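Accompanying notes for the structure given below.
The values are calculated or read from the model by the stated rules, or taken from the named source; none is laboratory data. What you are looking at is a predicted structure, and each value in this text was computed from that prediction instead of being measured. Virtual Cβ from ideal backbone geometry, glycine too; neighbours counted across all protein chains shown. Side chains are part of the model used for accessible areas, which takes the heavy atoms of the whole protein and leaves out ligands, DNA and RNA. Shrake-Rupley method; radii C 1.70, N 1.55, O 1.52, S 1.80 Å.
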Amino acid sequence: MRIGIALAFVAAGVGTGCSGAGFGPDERLATTRAAVTAVSGSAIATLATANVGQGACTKNTLGGSAFESSCTGNGGQPEYWCADFAIWVWANVGADVAGLTAAAGSFYVYGQNNGTLSNSPAVGDAVVFDYSGGGVADHVAIVTQVNGDGTIETVSGDWNGDSGTEAQFSSTSHVVLNTPAYASTVGSSPAVMGMTISGFVSPVGLTSSSSYAASYVSQSFPLASSALTMTAGQTIPSYIEMKNTGSLAWDGSTHLGTTQPRDRTSVFADATWLAPNRPSGVKGSVAVGDSYKFTFDLHAPSTPGTYFEYFNLVEEGVAWFSDPGQGGPPDDDLEVQIVVVAGPDTPAAEGGKDEDAGIEEAGVEEDAGKVGTTHDAGTTRVDAGTHAVQPEDAGSGASWAASAAPGGGSASGGCAMARGAGDGRVAWVLALGAMGWAARMRRRGRRERARDRG
């Protein structure tokens, strides 16, 4: 993701061409470098290091092709691209890169114009080599580590290409970690680099509010335009994969949270979740440019229906990724539609497997018309019409059997519904069910008597 990038070309001769020994940090430089160090210095180093091994025309770790105009800037062919690489890194962390060009010396001029040119390094700085004035230099690299003894490590674009034309060298060079660590003294010529350090330049425009951003990669369930179907009570292992496109690495405080509204308790939460509003979190760290799968289980509620779940990333105690100044995504972007259907019936009601269930329960058995008069209080039975298990004395007025049987006199429960509806069909269904129930009671009695005789 490109943040606030605007390229302009520097006119030849801009700047004073300082020797490099006399630039002391002023208040503006101190403020800028403090912001870089506290906020994005490590992010710059992380993004630069993540691309070690990449070439002028290969896919970078943020998913794009090449680095700025590295692949086509030389009349459609690869150009010398050390500055292209440094611009790309700074821009994707959120720095203001206006005034920088494919010329390595443009970084020196940028430092002069913005007051960020220094004779001491900080992580995230650009280090310029062999600056000869007029916006001309031989090389620029990114400082990725500053050691206690004053030595530094850097990452360079366009390094170790094959000799030949510009296109030949640039098409065969790569992003390289310059090691071993070397002295950072301005005016020195470290052997690993083979050039003279001219100065260090810090980026401008970085703020603490541009640190967290993510882009969608994939998920284990359908996009919200298609529903995921689950059975009530079912558990499905799931994940949402996101890429770190911000300026800071993700850590153990980077969580996937519920949104719409934020911190909403989800009905799909289960024991695998960090909390009812936090499905998952980062284990370890995720560098800028890397992707991470937030894994969690979806546990369907017992109530059938259509549900919409929304998620986003949050750096606990700092910011939601969708907050103003962060890089998103929006709170309604990570969405899943889930249709929960009823679970399977109890075994006694499935497929007529129970000997007393099925067609005989509807009152078709040969003696179904003979309504019994004996009731076993508290006996649990199955209403064939609804598959709902109901006790005889469920506490809802007169029992289902008493109210539904011909002559049942209670005005509460199902009988009141039948009379109030004025529909003989309802009373007929209820009566038929009662006859089936009575028939089962007689069969049960016959079986028990047969067992006693046996």
Next item on the list: Tally the residues that are outside any loop (DSSP other than H, G, I, E, B), within 13 Å of Gly157 (Cα to Cα) and small (Gly, Ala, Ser), restricting the search to the range 46-79.
Entry: 3
Notebook entry, point to check: Among Asp158, Asp138, Asp130, which is the only one that is surrounded by 24 or more Cβ atoms within 10 Å (Cβ to Cβ) and either among the hydroxyl-bearing types (Ser, Thr, Tyr) or in contact (Cβ under 8 Å) with a residue 24 or more places away in the chain (or both)?
Noted result: Asp158
Margin query: Given (1) at pLDDT below 95; (2) within 27 Å of the chain's Cα centre (by Cα); (3) in a loop (DSSP other than H, G, I, E, B), identify the lone condition not met by Ser120.
Written below: (2)
Next item on the list: Mind counting the residues in the range 223-239 that are farther than 22 Å from Gly281 by Cβ and either in a strand (DSSP E or B) or open to solvent by less than 50 Å² (accessible area, probe 1.4 Å) (or both)?
Entry: 8
Checklist line | Residues of the range 303-316 that turn out to be assigned to a strand (DSSP E or B) and charged (D, E, K, R), as a count | finding: 2
Item checked: Every residue from the range 177-228 that is β-branched (Val, Ile, Thr) and closer than 20 Å to Pro279 by Cβ -> Val217
Item checked: Flag if Gly75 is more than 29 Å from Asn114 (Cα to Cα) and open to solvent by less than 10 Å² (accessible area, probe 1.4 Å) -> no
Next item on the list: State all residues of the range 80-109 that are surrounded by fewer than 24 Cβ atoms within 10 Å (Cβ to Cβ) and part of a loop (DSSP other than H, G, I, E, B); if no residue qualifies, say none.
Entry: Tyr80, Ala98, Gly99, Thr101, Ala102, Ala103
Checklist line | Search result, residues across the range 195-221 that are farther than 24 Å from Ile44 by Cα and open to solvent by 50 Å² or more (accessible area, probe 1.4 Å) | finding: Ser220
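Conditions (1) at pLDDT below 95; (2) part of a loop (DSSP other than H, G, I, E, B), marked per residue:
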residue	(1), (2)
Arg264	no, yes
Val267	no, yes
Asp270	yes, yes
Trp273	no, yes
Gly284	yes, yes
Gly289	yes, yes
Phe294	no, no
Asp297	no, no
Pro301	no, yes
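Rundown of residues vs (1) surrounded by fewer than 23 Cβ atoms within 10 Å (Cβ to Cβ); (2) out of contact with any Cys (no Cβ under 8 Å at 6 or more places or on another chain); (3) in a strand (DSSP E or B); (4) touching a residue at least 60 places away in the same chain (Cβ under 8 Å), yes/no style:
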site	(1), (2), (3), (4)
Gln145	yes, yes, yes, yes
Gly148	yes, yes, no, no
Thr154	no, yes, yes, no
Asp162	yes, yes, no, no
Thr179	yes, yes, yes, no
Thr185	yes, yes, no, no
Next item on the list: Could you check Ser247 against (1) loosely packed, with under 13 Cβ neighbours inside 10 Å; (2) touching a helix residue (DSSP H, G or I) at 6+ places or on another chain (Cβ under 6 Å); (3) among the polar types (S, T, N, Q) and say which number it fails?
Entry: (1)
Next item on the list: Test Ala66 against the stated conditions and say whether it is surrounded by fewer than 19 Cβ atoms within 10 Å (Cβ to Cβ), over 24 Å from Pro180 (Cα atoms) and within 35 Å of the chain's Cα centre (by Cα).
Entry: no
Notebook entry, point to check: Which one of these does Ala11 not meet: (1) open to solvent by 10 Å² or more (accessible area, probe 1.4 Å); (2) over 18 Å from Val140 (Cα atoms); (3) at pLDDT 50 or above; (4) not β-branched (Val, Ile, Thr)?
Noted result: (3)
Margin query: Cβ-Cβ under 7 Å, sequence separation 6+ or interchain: first residue in the range 106-126 and on the phi > 0 side of the Ramachandran plot and in contact (Cβ under 8 Å) with a residue 12 or more places away in the chain, partner open to solvent by 10 Å² or more (accessible area, probe 1.4 Å) and assigned to a loop (DSSP other than H, G, I, E, B). Which pairs?
Written below: Gly115/Asp26
